[in-house]
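Working notes for the structure below.
The values are calculated or read from the model by the stated rules, or taken from the named source; none is laboratory data. Since the structure is predicted, the reported quantities are computational estimates derived from the model, not experimental observations. Here the Cβ positions follow ideal geometry from the backbone for every residue, glycine too, while neighbour counts run over all protein chains shown. Ligands, DNA and RNA are excluded from the accessible area calculation, which covers all protein heavy atoms including side chains. Shrake-Rupley method; radii C 1.70, N 1.55, O 1.52, S 1.80 Å.
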Amino acid sequence: MNKEVRNYQEIISQVEELKSSFLVRVIGEVHYDSQHLPLYRLVSEGQGGEAVLLSGGMHGDEPAGVYGVLKFLKEHASSYMNDFKFFAYPCVNPWGFTANTGSNHLGLNINRHFVFGSKVKEVESILDSLSEGPQTYLFTLDMHETPLEGEFADANKDEALPTEFYMWENCPDKERRVGDKMIASLEQRGIPVCKWESIYKDVNSGGVIYYPEGFFNQKEYGTGTTFEAFLQVNYTPQAFTTETIDNVSLEERVEQQIIVLRAALDAKKETLGF
Ligand SMILES: [Zn+2]
């Protein structure tokens, strides 16, 4: 059994604090031994605004997504609330978060189980909550990290792992795409971005892997079992997955996640003419 390396109580406390500005719902619970870990969805208060879905912590050893979503909601969301309505799942895999593992308590990579009717608890809870929310999101953004050591690195030891930020933009309509602007927002701040020609054998366009034309290797992205692909097929024309690298401090990675999210929101504001 993995020993607990992170305390979920800290996340529970942060979510509690956000109750003054967000509707907080427990959408499910992950049970393991004596632990009952709540799964949360937070929704910004108020009417109107384009729906945007944010998520983090799909893989428990990628904490910048969890803290990135929570910090964005706490410190930045209010300045966007006239134009956007946020639906946030800050920690999709709470057990993995406490144990610092990519997989959940059953050893599953949750991000390969996004299909209707899934019996994977974390997925089932999210899908139930999605059915009650908006049926179309302006965009979705799932915050990930690429841990250079551990489960993911071990499973991909034949692959070179990027050592700088990169992302996916799953958006068949090229006119809508804003990945280049998200990358530019990092580069303007001197934050390095992966410029390899390919990442995991997919085509890397200056830091962005674009769906569908850039995908060759990661077939599951195209078949809908990742959260990103599932959302793109069923709930949004534009789904992002961002990847920070754990060779810089957690604080810096959280900041990078927020910078690219804000760049996406600003770019959408421009094109929608708010
Ligand atoms: Zn991940």
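Descriptive notes on the structure:
- The residue that is most open to solvent (accessible area, probe 1.4 Å), counting only those in the range 114-132 that are away from the ligand (no atom under 16 Å from the Cβ) and of a type in the set (A, V, I, L, M, F, W, C), is 116.
- Test: residue in the range 173-194 that is touching a residue at least 24 places away in the same chain (Cβ under 8 Å), closer than 30 Å to residue 251 by Cβ, of a type in the set (Ser, Thr, Tyr) and assigned to a helix (DSSP H, G or I): yes
- For the range 153-182, residues that are over 19 Å from residue 230 (Cα atoms), open to solvent by less than 10 Å² (accessible area, probe 1.4 Å) and within 16 Å of the ligand (Cβ to nearest atom) total 3.
- Checking residue 142 against (1) modelled with pLDDT under 95; (2) among the acidic types (Asp, Glu); (3) closer than 21 Å to residue 265 by Cβ, the condition it does not meet: (1)
- Taking the criterion of being within 16 Å of the ligand (Cβ to nearest atom) and either assigned to a helix (DSSP H, G or I) or among the polar types (S, T, N, Q) (or both), the residues of the range 52-74 that qualify are 55, 63, 64, 65, 66, 67, 68, 69.
- Residue 236 being within 15 Å of the ligand (Cβ to nearest atom), outside any helix (DSSP H, G or I) and surrounded by 19 or more Cβ atoms within 10 Å (Cβ to Cβ): no
- The residues in the range 133-152 that are of a type in the set (Gly, Ala, Ser) and away from the ligand (no atom under 12 Å from the Cβ) can be counted, and the count is 1.
- Among (1) in contact (Cβ under 8 Å) with a residue 40 or more places away in the chain; (2) open to solvent by 30 Å² or more (accessible area, probe 1.4 Å); (3) of a type outside the set (S, T, N, Q); (4) in a strand (DSSP E or B) - the single one residue 28 does not satisfy: (2)
- Filter pass, residue 111 being within 12 Å of the ligand (Cβ to nearest atom) and more than 15 Å from residue 11 (Cα to Cα): yes
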